[in-house]
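Below: the structure, in C-alpha cells.
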Amino acid sequence: MGVLLLQPTITAQWQSLIKDAKSCSNLRLNNELEDYLVFLLGYYNHRPDIANSVLAKEFLTSMTERCSRQRECLREVGDKCLLFAGFFPEQAEKRHVKIKYFIELGQSAYIQVASLSKASSASLYSALSYDFISVMEILHAIRGLSDPVNELTPFQALELWTDVKSQHALTVLRRHTFSSTFTGSRLKH
C-alpha cells in the first residue's frame, strides 16, 4: 500500500495525487488539462449524487436547453463520464454498458461544449475531448496509488485496451498476464 501524504487543502491534495499518478505511470497532461482535472476533482469531491446520473438522458435533455445552460449541462455530462470512466469503471458493468460508452459520450459532450463556447474556453473543451483517454488514465493511476486492489480488473483492462488502446490498461494487462503466467512456477535458465 502506498503512503498518502496529506496536504493543507483539498486542491493541494488533488494536485499532489495527480503529480504522483503522472510520475508512477509516465503519463503527461498539459497544464490546462491538469488544472481542469484538479478543479473537477475538487468540485465533485462531495457529490455522491452523481452515482444516480442517467447520462444519456442528461445529454439529450441538454440539447433542448438555451445556449449557456446547454453548455453547462453538457460540461457536467462530460465531467461525469470522465469520472465514471476513470474513477468508477465498475459503473459500466453495473449499468450493462462498456467503459467505452462513458468515453464516447464524454468526448461528444466536451466537443459540443467546445462548439458552444468562446474561443478562449473552446480549446480547453476540445482538448478534453481529444485527450479524454489520457485524463481517464491519470484517474486510473490515482485509483491504484493507495492500494493495488483499486487497480483495473483484468477484464476492465482488456476491454479498455481492445476498445480504445489505453496504454495504462495495457500495463495492467501485462502485470496480470506476467504474474498469472509465472506465479508458482520456476523459470529455468
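The values are calculated or read from the model by the stated rules, or taken from the named source; none is laboratory data. From a predicted model like this one, the values you see are computed outputs, not experimental measurements. With ideal geometry, Cβ positions are generated from the backbone for all residues, glycine too; neighbour counts draw on all protein chains shown. Only protein heavy atoms, including side chains, enter the accessible area calculation; ligands, DNA and RNA are left aside. Shrake-Rupley method; radii C 1.70, N 1.55, O 1.52, S 1.80 Å.
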Summing -39500 (n - 2.57) over every DSSP H run of at least 4 in the chain, dividing by its residue total and rounding to the nearest 500, the 222 nm mean residue ellipticity is -23000 deg cm²/dmol
Check: C-alpha center the range 70-99 vs C-alpha center the range 137-181, spacing in Å is 18
With Cα springs under 10 Å, the Gaussian network model of the chain assigns the largest mean-square fluctuation among L29, L37, L139 to L29
Using alpha-carbon coordinates alone, the radius of gyration and Dmax of the range 75-185 in Å work out to 15.4, 60
In the neighbourhood of V164 defined by beta carbon distances under 11 Å, the net charge of the other residues (Lys, Arg +1; Asp, Glu -1) is -1
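Label the chain by shape, choosing from rounded, prolate and oblate, from the square roots a ≥ b ≥ c of the eigenvalues of the Cα gyration tensor; if a/c is under 1.5 it is rounded, and otherwise prolate applies when a/b is larger than b/c, oblate when it is not.
Here the chain falls in the prolate category.
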Among E104, E93, E76, the residue with the largest mean-square fluctuation in a Gaussian network model of the chain built from Cα contacts under 10 Å is E93
Mean-square fluctuation maximum in Gaussian network of the chain, Cα pairs under 10 Å, restricted to K98, K22, K118, hits K118
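With every protein chain left in place, what is the accessible area per residue of the chain in square angstrom, probe 1.4 Å? Kindly include the intermediate steps, with their values, before the conclusion.
Numbers: 10830 Å² over 189 residues.
Value for the chain: 57 Å² per residue.
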From the cross-link list K22/K100; K80/K100; K100/K165; K22/K80; K57/K80; K57/K94, the entries with a Cα-Cα span beyond 19 Å are K22/K100; K22/K80
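Determine the share of the chain's accessible area contributed by carbon and sulfur atoms, expressed in whole percent, with a 1.4 angstrom probe. Before the final figure, lay out each step's value.
On the way: 6140 of 10830 Å².
That share works out to 57 percent.
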